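Beneath this line is the structure, given in structure tokens, with notes to follow.
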Amino acid sequence: MVLSKALESQVEDFISRLKRRQIVGSYEVAKETAIILRQVVSTTRWSDASVLVHVITDLGRRLVAAQPKELAVGNIVRRVLKIIREVVRGELETDDIMNSGTSEDSDGFSQDSEDDADSDREFKSILAQDTEDTDHTPRPEIPQRPKLQTESSMFNLLVDKNSEDIDYSAKSYNMKPLIIQEINEEIIADLETVYKGIADQALEHIHANEVIMTIGYSRTVKDFLTKAAAKRSFQVIVAETSPTLQGQAMAASLAEVGIETTVITDSAIHAVMSRVNKVVLGAHAVLANGGLVAVTGSQMVAAAAKHHTTPVLVCTALYKLSPLFPYDVDLFNVCVTPEHVLSFNEGTLIDKVNVLNPYYDFVAPELVNLFVHNLGSAPPSYVYRLINDNYDLEDTTL
Amino acid sequence: MATAELNNKSASDSMDPKLFDAAACYHTFLEDQELSTPVATFKVFTEFIKCSQAPTVTEFLQTLTQVGDTIQAASMYDAKEWKLPTSTRKRNPHKATIATLAGIHLFNQFVRRNTGDFTELEELKANLLARSTLILQKATSARDRIAVTGSQFVHDNAVILVHSYSRTVMSVLQYAANVENKRFKVYVTEGRPTSDGLTAVSELQASGIPCAAVLDSAVGFILDKVDMVFVGAEGVVENGGIINQIGTYQIALVAKALGKPIYAIAESYKFVRLYPLNQYDLPSITPDIVTFSNRRKSSSNALEQADESQSNDLALSNPSVDYTPPQYLTLLLTDLGVLTPSGVSDELIKLYL
């Protein structure tokens, strides 16, 4: 149940850095969460998987509560939980494969997959494209496609079993290395390859002599455009993204790789939009309805693009996909220090006005045309499928 | 008690499905206000299995189809009677054949899934009965699960517009108010012609939720003050659109125009394989007003004698449900979790393919 002392202090440290916003950005947060969870799996004493699921869920709840705006934390926790469940299911399947005659294929994804690989492998291929060949999991081969029970399925209306039927308490001794390996391969190694996965699709979307608009600094978008620039020449317009001026940093790094770059003020976005062929946005998080939480100003860019019927592309890694819904538009936003909007030196004025400095924007799914993720691309209406493939419904509320 | 009576009666009857009064049984189950139509339909089938004396599997399946037809015919009749004021109704009818259809489809699929495994009729019947009990248990918990999912969308100080009376919507609101202690206000539309909305108002007031009734024609007027719209559903069709009490479509249109989110709240057993192309493409009796077939008295006469029968006449010649296309719905809140309208066909395919 309890974490070891060293681990506990590491968790505490992470939590306080999350709270102080000393660690910001989905990538950093996701990576650190994954590493901590891997350590929990390896150092915590657990005899059966239900204990592990419980420990991870508990810790996940603490981490999410520390900084609810960093949705990547919760996403990684859910991914780890899903891996544990997959492993348990895979194990159980091989144990009683002899006496279980029925195999119900309740997983929608596995149905439309052509290859007859078992769905654990499929799952792996969804999450980690590059690890497929290097996969030497010591798992016994499963002759039959394992039963994947999702309570999320209407199918279960007619099945008189519940997903709780899976016996998480079954003892199994080689589960631990397996889970750790899966976390290493599917989550941590995957995090390394996301940028490449997205950038590789750049040539499909960016054509010669196009004018692209973007806002904010996003490594995903930067790599995406850089990759395209290696083959094609195009022009990029970057909104400066006041007050953080991330857009200026973005423009500088794009200019460095030889892309023709123009910086505009945020107020010029609408005016310039008529000349733009395509908008490419980065995302902080993508919510289950296809809406996204992105750097402040994104909503303005997306709305202007809608007005001019300019296609909006969002580059996002799969770990940014959250199974949560925007219950309230402001729920995932955060207002940071107004220092950069109105300096505290302006003492006389600061008493008289309210200064708001929201860090993020919520962009409605109607304003987005396509999500480019590390394994392909999908329209906003398809996001729910990606979420069903990546997370277990049981874990939606940690 | 009524069920037991039915059992005794039917047990002595022969296998003839006509002697098992499916329609009466259906109506008995509908007396239970808490039971939704597809579940009631499912229960009628299980009652029938209990007393069916068909000698072969094939005949058994045939009689099941007949029972389905009987129930559907009964629900067609009901849909007409539902529109009359409560005092003049003979029994507790239900407004939509669509929900019945969902129940019939679901049961047929359930039988189809299970027949393959058994050659002996008695074994099959025993198996169906055992499984359907479990399924019904699960179905009854659906509304509670929706309440938990749906109440996440209710935030403090929200103003919610609700269309007429829906048990699922009520359970969401009550859960949000009583369990999660959220404070919000509710406008309920009157819900002509039955004025079920007034029932909703008194129920909400009883549980201490501030609420007010608005006229169906005042929806556009009030919607500026509203943060979100909740509607129930009689049926959720394949493209993610819903079929619900008359007036839902226009509320959805206004909500879309004013940019307010509209959430449809429905149990997943109300999903039905149907793809309506327009308002008139529904499996129910075409209302007289669509075809102008009803020759009523001249309008001057109607003005003079605006009596009760006149308003009944008006209710009867009008439709009881309408179809709301998916592009006007923000999300569907179901016991399967929150779905985008495009997620519905996925679920249906999983079940019926």
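The values are calculated or read from the model by the stated rules, or taken from the named source; none is laboratory data. These numbers come from a predicted model, not from an experiment. As a convention, Cβ positions derive from the backbone with ideal geometry for all residues, glycine included, and neighbour counts pool all protein chains shown.
Take the residues of region B:281-309 that are surrounded by 16 or more Cβ atoms within 10 Å (Cβ to Cβ) and at pLDDT below 75: which is farthest from residue A:323 (Cα to Cα)?
B:288
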Original post:
Can you tell me which residue in region A:245-263 is nearest to residue A:335 (Cα to Cα), limited to those that are in contact with a strand residue (DSSP E or B) (Cβ under 6 Å, 6 or more places away or on another chain), among the hydrophobic types (A, V, I, L, M, F, W, C) and touching a residue at least 12 places away in the same chain (Cβ under 8 Å)?
Top reply: A:250
**OP:** Scan region B:52-62 for residues that are in a helix (DSSP H, G or I) and either at pLDDT below 85 or surrounded by fewer than 21 Cβ atoms within 10 Å (Cβ to Cβ) (or both) and jot them down.
**Re:** B:57, B:58, B:59, B:61, B:62
Original post:
Considering only residues of region B:310-326 that are in contact (Cβ under 8 Å) with a residue 40 or more places away in the chain and of a type in the set (S, T, N, Q), which is nearest to the other protein chains (Cβ to nearest Cβ)?
Top reply: B:324
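Pick out the one residue from B:169, B:159 that is buried (at least 24 other Cβ atoms within 10 Å of the Cβ), among the β-branched types (Val, Ile, Thr) and closer than 25 Å to residue B:243 by Cα. Even if it seems obvious, please write down each step before you answer.
Numbers: B:159 fails: buried (at least 24 other Cβ atoms within 10 Å of the Cβ).
B:169 is the lone residue from the list that is buried (at least 24 other Cβ atoms within 10 Å of the Cβ), among the β-branched types (Val, Ile, Thr) and closer than 25 Å to residue B:243 by Cα.
Could you pull out the residue among A:106, A:113 that is touching a Ser or Thr at 6+ places or on another chain (Cβ under 6 Å), in the same structural domain as residue A:186 (by TED's automatic domain parsing), modelled with pLDDT under 90 and not in a helix (DSSP H, G or I)? Walk me through it before giving the result.
Values: A:113 fails: touching a Ser or Thr at 6+ places or on another chain (Cβ under 6 Å).
One residue alone meets the criteria, A:106.
Residues are listed down the side, and each one gets a yes or a no for (1) at pLDDT 85 or above; (2) of a type in the set (Ser, Thr, Tyr); (3) in the same structural domain as residue B:264 (by TED's automatic domain parsing):
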{"residue": "B:317", "(1), (2), (3)": "no, yes, yes"}
{"residue": "B:323", "(1), (2), (3)": "yes, yes, yes"}
{"residue": "B:326", "(1), (2), (3)": "yes, no, yes"}
{"residue": "B:330", "(1), (2), (3)": "yes, yes, yes"}
{"residue": "B:334", "(1), (2), (3)": "yes, yes, yes"}
{"residue": "B:343", "(1), (2), (3)": "yes, no, yes"}
{"residue": "B:348", "(1), (2), (3)": "yes, no, yes"}
Subject >> Every residue from region B:329-347 that is within 19 Å of the chain's Cα centre (by Cα), facing chain A (nearest Cβ under 7 Å) and either more than 24 Å from residue B:152 (Cα to Cα) or assigned to a helix (DSSP H, G or I) (or both) >> reply: B:347
**OP:** Restrict the check to region B:277-287 and report whether at least one residue is more than 22 Å from residue B:152 (Cβ to Cβ) and touching a Gly at 6+ places or on another chain (Cβ under 8 Å).
**Re:** no
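In this structure, is residue A:242 touching a residue at least 24 places away in the same chain (Cβ under 8 Å) and either part of a strand (DSSP E or B) or more than 16 Å from residue A:312 (Cβ to Cβ) (or both)? I'd like the intermediate steps shown before the answer.
Values: touching a residue at least 24 places away in the same chain (Cβ under 8 Å): yes; either part of a strand (DSSP E or B) or more than 16 Å from residue A:312 (Cβ to Cβ) (or both): yes.
So residue A:242 fits the description; yes.
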**OP:** Check A:148, A:178, A:157 and return the single one that is within 14 Å of chain B (Cβ to nearest Cβ) and at pLDDT 60 or above.
**Re:** A:157
Original post:
Based on what the data block shows, is residue A:356 part of a loop (DSSP other than H, G, I, E, B), assigned by TED's automatic domain parsing to the domain that holds residue A:241, surrounded by 13 or more Cβ atoms within 10 Å (Cβ to Cβ) and free of Cβ contacts under 8 Å to residues at least 60 places away in the same chain?
Top reply: no
**OP:** Mind listing just one residue for me: the one in region A:359-398 that is away from chain B (no Cβ under 14 Å) and aliphatic (A, V, I, L, M) and, of those, surrounded by the most Cβ atoms within 10 Å (Cβ to Cβ)?
**Re:** A:363
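This table checks each residue for (1) part of a helix (DSSP H, G or I); (2) modelled with pLDDT of 90 or more; (3) on the phi > 0 side of the Ramachandran plot; (4) not assigned by TED's automatic domain parsing to the domain that holds residue A:86.
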| position | (1), (2), (3), (4) |
| --- | --- |
| A:361 | no, yes, no, yes |
| A:366 | yes, yes, no, yes |
| A:371 | no, yes, no, yes |
| A:377 | no, yes, no, yes |
| A:381 | yes, no, no, yes |
| A:384 | yes, no, no, yes |
| A:398 | no, no, no, yes |
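Just to be sure I understand, how many residues within region B:160-185 are among the β-branched types (Val, Ile, Thr) and farther than 16 Å from residue B:264 by Cα? If you could, list the steps in order and put the result at the bottom.
Of region B:160-185, the ones among the β-branched types (Val, Ile, Thr) are B:160, B:162, B:168-169, B:172, B:179.
Then drop every residue that is not farther than 16 Å from residue B:264 by Cα, which leaves B:179.
Total meeting the criteria: 1.
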Subject >> Candidate set: region B:119-135, residues that are touching a residue at least 40 places away in the same chain (Cβ under 8 Å) and surrounded by 15 or more Cβ atoms within 10 Å (Cβ to Cβ); chosen: the one farthest from the other protein chains (Cβ to nearest Cβ) >> reply: B:121
**OP:** Can you confirm whether region A:11-20 contains a residue that is crowded, with 18+ Cβ neighbours inside 10 Å and polar (S, T, N, Q)?
**Re:** no
